Amino acid sequence: MEKTPSRRRFLKSAAALGAAIPAGAAAQSKAPPAHSHSGPDHDKMHAQHMRAAAAEARPYMFLSQTEVAFLDAAVSHLIPKDELGPGAKEAGVTYFIDQQLFGGYGTMAKKYTQGPWPEGTPQQGYQSPLTPAAVYRAGIRDTNEYCKKTHGKAFDALTRAQQDEVLKGLDGGKIELDQVRSQFFFNMLLANTIEGFFADPVYGGNRDKAGWKLVGFPGVAAVYTTFIEKHGVPYKVQPVSIADITQKVAQVDEHGHAVHVMLDDKAGV
């Protein structure tokens, strides 16, 4: 897990998988302290403060505290924080997964749910009688039981090295779980972690647009006609999310397209 050559190279190749399934949940927030200053910059800072407060206060809808602890530890290995920026845990990926499992994705609301259930190939799509919500519930419980029998502690209480070995065991199918295949559980966890790291923050993950900033993704589409002839020139902008548009944090043109704010080379993304 920890010995991949470059997190940036891996995530750039994985960014295409970041299409997330929408799931809604109301977020509660506390109002920030009042300030006497006013103006566009202050309004933007105020909105950012509100979003940060809401992110801290938002409740989990599906996961138990034990399951949250497991996922926080697991996703911090799959996309760890480093000198390039926050990892999956810091970006709120556990909350993203919670919202997906609580919503239609978790119950397979839009998928065929009848048998038969033979062992399929990756090209055949989802092949399990268990819903994603049931896979997570069983996978976390069984993995914790394995960890307790092997190391005397639940997964989140193990050392980083031990956690890494457990995840490798799940990935390689070397750990047998009672109710779900370990590779099936691991692959779902990995895919959802990548989705949560790159999906629009409105779905609960990618907090502060950490994933987008890492790979230079601009977010909500804008008008690019003036850049068509600028070949080989990096398009460095402050990423804009759906929430930025709906909360009127970001500017839009007369057609409702986001107006991207360009960044200089020193600012970076």
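The values are calculated or read from the model by the stated rules, or taken from the named source; none is laboratory data. It should be emphasised that the depicted structure is a prediction, and the values quoted were computed from it without experimental measurement. The area values use the complete protein model at the heavy-atom level, side chains included, leaving out ligands, DNA and RNA. Shrake-Rupley method; radii C 1.70, N 1.55, O 1.52, S 1.80 Å.
Observations, loosely collected:
- Accessible surface ranking that places the most exposed of K110, K81, K209 first, with a 1.4 angstrom probe: K110, K81, K209
- Averaging 1/r over each pair of different alpha-carbon atoms in the range 49-202 and inverting the result gives 16.3 Å, the Kirkwood hydrodynamic radius.
- Rounded to the nearest 10 Å², the accessible area of L84 at probe 1.4 Å: 70 Å²
- Listed pairs K81/K174; K89/K213; K213/K248; K81/K153; K110/K168 exceeding 22 Å between Cα atoms: K81/K174; K81/K153; K110/K168
- Figure note: D264, D156, D164 ranked by solvent-accessible area, largest first, 1.4 Å probe, ligands and nucleic acids not counted: D264, D156, D164.
- The Cα-based radius of gyration of the range 146-206, divided by its Kirkwood radius, gives an Rg/Rh of 1.06.
- Taking the Cα atoms of the range 195-250, the ratio Rg/Rh between the radius of gyration and the Kirkwood radius comes to 1.01.
- In the range 159-269, the C-alpha radius of gyration followed by the widest Cα-Cα span (Dmax) gives 19.5, 57 angstrom.
- With bins 10 Å wide beginning at 0, the percent of Cα pairs of the range 77-138 falling in each bin runs 20, 35, 29, 15, 2.
- Kirkwood radius for the range 54-104, taken over all pairs of different Cα atoms as the inverse mean of 1/r, rounds to 11.4 Å.
- Amide hydrogen proximity for V240: with H placed 1.01 Å from N in the peptide plane, the residues at 5 or more positions away or on another chain lying under 5 Å are G219, V220.
- Which of E254, E67 is most accessible, then next, and so on - probe 1.4 Å: E254, E67
- Y105 contributes an accessible area of around 40 Å² to the protein surface, as traced by a 1.4 Å probe with all chains present.
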